[in-house]
Amino acid sequence: MIRFVVGPEDRLVPDLAGKLPGRGIWVSASRKALEYAVAKRLFAKAARRPVTVDPGLPDLVERLLERQCLDILGLARGAGVAVAGFDKVEAMLRKTPVGVMVEAADGSAEGRGKLARLAHGAPVVALFSAAALAEAMGRDGIVVHAVIARGKLAARFIAASDRLAGLRELE
């Protein structure tokens with residue numbers, strides 16, 4: 001679910017963190033549900049007042065969710081609970097169970113499959129480009145593999161990536 005609030009000047013604002021003041025309007029984390037809510041003016045009905053809704057709201061929410069996921073990944077790297085690169089990821093997967101494995105959507109299927117077998121049931125997220133992962137991990141070039149250790153950051157990353165997958169209509 002994605003929360004929205006009516007902000008200043010009666011504009012609809014996505015509240016991905018769920019902390020903005022005001023009465024929340026919840027919509028399923030699905031592109032179809034969001035497009036339907038925009039088309040049928042359901043936000044105004046839920047708010048019980050006129051609300052200005054950006055027609056590109058689904059795309060905006062998708063970009064914000066992607067940014068949120070990559071920010072969590074960068075935070076995990078800074079906290080020392082995430083590593084990137086084939087060798088480091090492989091070492092971490094062999095050493096300890098991980099919370100989530102992140103793979104570049106544009107990485108080779110063969111390379112991604114080798115590490116996925118070592119993940120031992122950990123969720124595998126492949127929603128981002130190698131360049132976007134590299135930026136989040138503070139590296140130049142590309143990053144195809146990354147993992148986040150079990151814990152709160154992994155749980156936050158999984159929740160955010162599940163919502164992003166819903167907007168991209170992926171499993």
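Under a 5 Å amide H cut-off, with hydrogens placed 1.01 Å from N, V144 pairs with G85 among residues at least 5 apart or on other chains.
Using a probe radius of 1.4 angstrom, the carbon and sulfur fraction of the accessible surface of the stretch 18-78 is 54%. Take the Cα radius of gyration of the stretch 20-171 and divide it by 2.2 N^0.38 Å, N being the number of residues; the result is 1.19. Between amide H atoms placed 1.01 Å from N, distances below 5 Å from A29 occur with I2, all of them 5 or more places distant or on a separate chain. Dividing the mean sequence gap of close Cα pairs (under 8 Å, 6+ apart) by how many residues the chain holds gives a relative contact order of 25 percent.
Its relative contact order, with pairs defined as Cα atoms under 8 Å and 6+ residues apart, puts the stretch 1-102 at 20 percent.
Within a Cβ distance under 10 Å of F128, other residues only, what is the Lys/Arg minus Asp/Glu net charge? Let's see the in-between values first.
Details: positive: none; negative: E66, E103, D106, E135.
Here the charged neighbours net out to -4.
The phi torsions of the stretch 36-44, fed into the Karplus equation with coefficients 6.51, -1.76 and 1.60 and a -60° offset, translate into couplings of 5, 4, 5, 5, 8, 6, 6, 5, 5 Hz, rounded to whole numbers, with Gly and Pro shown as x. Taking label points 7 Å from Cα along the Cα-to-Cβ direction, V13 and R150 give a separation of 3.8 nm. Each part reduced to its alpha carbon centroid, the stretch 40-93 and the stretch 96-163 end up 15 Å apart.
Net charge within 15 Å of L93 by Cβ-Cβ distance, Lys/Arg positive one each and Asp/Glu negative one each, not counting L93 itself?
Working: positive: K88, R94, K95, R112, K114, R117, R150; negative: D87, E90, E103.
Neighbourhood net charge equals +4.
The lysines whose alpha-carbon is closer than 28 Å to the alpha-carbon of K114, local same-chain residues fewer than 8 away aside, are K88, K95, K152. Under 5 Å from the amide H of V98 lies no amide H of any residue 5 or more positions distant or on a separate chain, with H modelled from the backbone and absent for Pro and chain starts.
When ligands, DNA and RNA are left out and all protein chains stay put, how many square angstrom of accessible area per residue does the stretch 1-88 have with a 1.4 Å probe?
On the way: 5120 Å² over 88 residues.
Per-residue value: 58 Å².
Quick one: if the Förster radius is 41 Å, what FRET efficiency do R63 and A91 give, using the C-beta to C-beta distance and rounding to 0.05? Don't jump to the answer; show the numbers that get you there.
Values: r = 33 Å, r/R0 = 0.82.
Rounded to the nearest 0.05, the efficiency is 0.75.
Each Lys and Arg Cβ is given +1 and each Asp and Glu Cβ -1; about its Cα centre, the stretch 50-151 then shows a dipole of about 600 debye.
Sorted by accessible area with a 1.4 angstrom probe, largest first, how do L153, L57 fall? Let's see the in-between values first.
Numbers: L153 35, L57 5 Å².
I get L153, L57, largest accessible area first.
On a 0 to 90° scale, report how tilted helix 57-79 is relative to the longest principal axis of the chain, with both axes built from alpha carbons and the result rounded to the nearest 10. So the inclination is approximately 40 degrees.
Work out how much length R41 to K114 would gain on full extension: take 0.36 nm times their residue separation and subtract the Cα-Cα distance, in nm to one decimal. Intermediate values should be presented prior to the final figure.
On the way: separation 73, 0.36 × 73 = 26.28 nm, distance 4.70 nm.
Stretched fully, the R41-K114 segment lengthens by 21.6 nm.
The values are calculated or read from the model by the stated rules, or taken from the named source; none is laboratory data. Quantities reported herein were computed from a predicted structural model and do not represent experimental measurements. Cβ sites come from the backbone with ideal geometry, for glycine too, and all protein chains shown count toward neighbours. The area values use the complete protein model at the heavy-atom level, side chains included, leaving out ligands, DNA and RNA. Shrake-Rupley method; radii C 1.70, N 1.55, O 1.52, S 1.80 Å.
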